[in-house]
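S.K.: Got a structure for you, written out below as structure tokens; questions coming shortly.
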Amino acid sequence: MNNLSAIIEGILYVVGDDGITLPQLAATLELSEEDTQRALDELGVKYTEDETRGIEMVCYGGRYKLVSKAISHEYCKKLFEHSEVRGFSPAALETLAIIAYKQPVTRVEIEEIRGVGCDMMIRKLLARNLIREAGRLEVAGRPFTYEVTEQFMDTFKLKSLDELPELPDYQQVSEAERDLFD
């Protein structure tokens, strides 16, 4: 393919925060995983070496995605602070709800609940000052934990987290219901 880098870049843009795995990309491109990995490596070098680009390609948890370079984070933060458009995507609301109900919570715990990666969503929520790093767990890797901020409380007009609606109780699955899924 002549425009393989452009095609991969377009795919990475479309998949957004969810990213794409090497096998998924290889199948989509109808290439071997080795050829696809080579093309990803070449594209990654282009992003790394070209300081005029504001994005870079990363691979977190085996998923390739495009993210903004660190140089633009302060400006993005200003954009979100001063933006008149203050709507929230469903992904943002899900992530915020998980953090509000389970805080302090790690990124991995959030991803286990949502079933998708949330690295970029956490960055966006940090930039909008709706969440903050609450510390680190004393376990392998020392992951950050997150909690909501006063800005979150102001945005959702909450005096305390006790005002959040009660979560429904989850019922045990009966034997008959379990048989439906086996």
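S.K.: Which condition breaks for LYS102 when tested against (1) charged (D, E, K, R); (2) under 28 Å from LEU164 (Cβ atoms); (3) in contact (Cβ under 8 Å) with a residue 24 or more places away in the chain?
M.R.: (3)
S.K.: List every residue pair whose Cβ atoms lie under 7 Å apart, where the two residues are 6 or more positions apart in sequence or sit on different chains, the first residue falls within region 119-143 and is of a type in the set (Gly, Ala, Ser), and the second residue, located anywhere, is not in a helix (DSSP H, G or I).
M.R.: Correct list of pairs: ALA134/GLN103; ALA134/PRO104; ALA134/THR145; ALA134/TYR146; ALA134/GLU147; GLY135/PRO104; GLY135/THR145.
S.K.: Go through region 136-182 residue by residue and tally those that are assigned to a strand (DSSP E or B) and at pLDDT below 85.
M.R.: Let us first name the residues in region 136-182 that are assigned to a strand (DSSP E or B), namely 136, 144-148.
Cutting the leftovers down to at pLDDT below 85 gives us none.
Looking only at that region, the number is 0.
S.K.: Just give me the residues in region 26-46 being under 14 Å from ASN3 (Cα atoms) and either β-branched (Val, Ile, Thr) or not assigned by TED's automatic domain parsing to the domain that holds ILE8 (or both), in sequence order.
M.R.: THR36
S.K.: Moving on to the next point. Within region 44-83, can you find the residues that are among the β-branched types (Val, Ile, Thr) and modelled with pLDDT under 85?
M.R.: Our first condition is that a residue be among the β-branched types (Val, Ile, Thr); within region 44-83, this holds for 45, 48, 52, 55, 58, 67, 71.
Matches in region 44-83: THR48 only.
S.K.: Moving to a separate point now. Where residues in region 118-171 are of a type in the set (Gly, Ala, Ser) and on the phi > 0 side of the Ramachandran plot, which of them is surrounded by the fewest Cβ atoms within 10 Å (Cβ to Cβ)?
M.R.: First, pick out the residues of region 118-171 that are of a type in the set (Gly, Ala, Ser): 127, 134-135, 140-141, 160.
Those left that are additionally on the phi > 0 side of the Ramachandran plot: 135, 141.
Numbers: GLY135: 12, GLY141: 9.
Filtering region 118-171 for residues that are of a type in the set (Gly, Ala, Ser) and on the phi > 0 side of the Ramachandran plot, the one surrounded by the fewest Cβ atoms within 10 Å (Cβ to Cβ) comes out as GLY141.
S.K.: With the checklist (1) within 29 Å of LEU137 (Cα to Cα); (2) out of contact with any strand residue (DSSP E or B) (no Cβ under 7 Å at 6 or more places or on another chain) in hand, flag the one item THR106 doesn't pass.
M.R.: Failed condition: (2).
S.K.: Additional query: For the list (1) in a helix (DSSP H, G or I); (2) more than 14 Å from the chain's Cα centre (by Cα); (3) surrounded by fewer than 16 Cβ atoms within 10 Å (Cβ to Cβ), I need the number of the one condition that ALA26 fails.
M.R.: (3)
The values are calculated or read from the model by the stated rules, or taken from the named source; none is laboratory data. Since we're looking at a predicted model, the values are computed, not measured. Note that we place each Cβ from the backbone using ideal geometry, even for glycine, and neighbour counts take in every protein chain shown.
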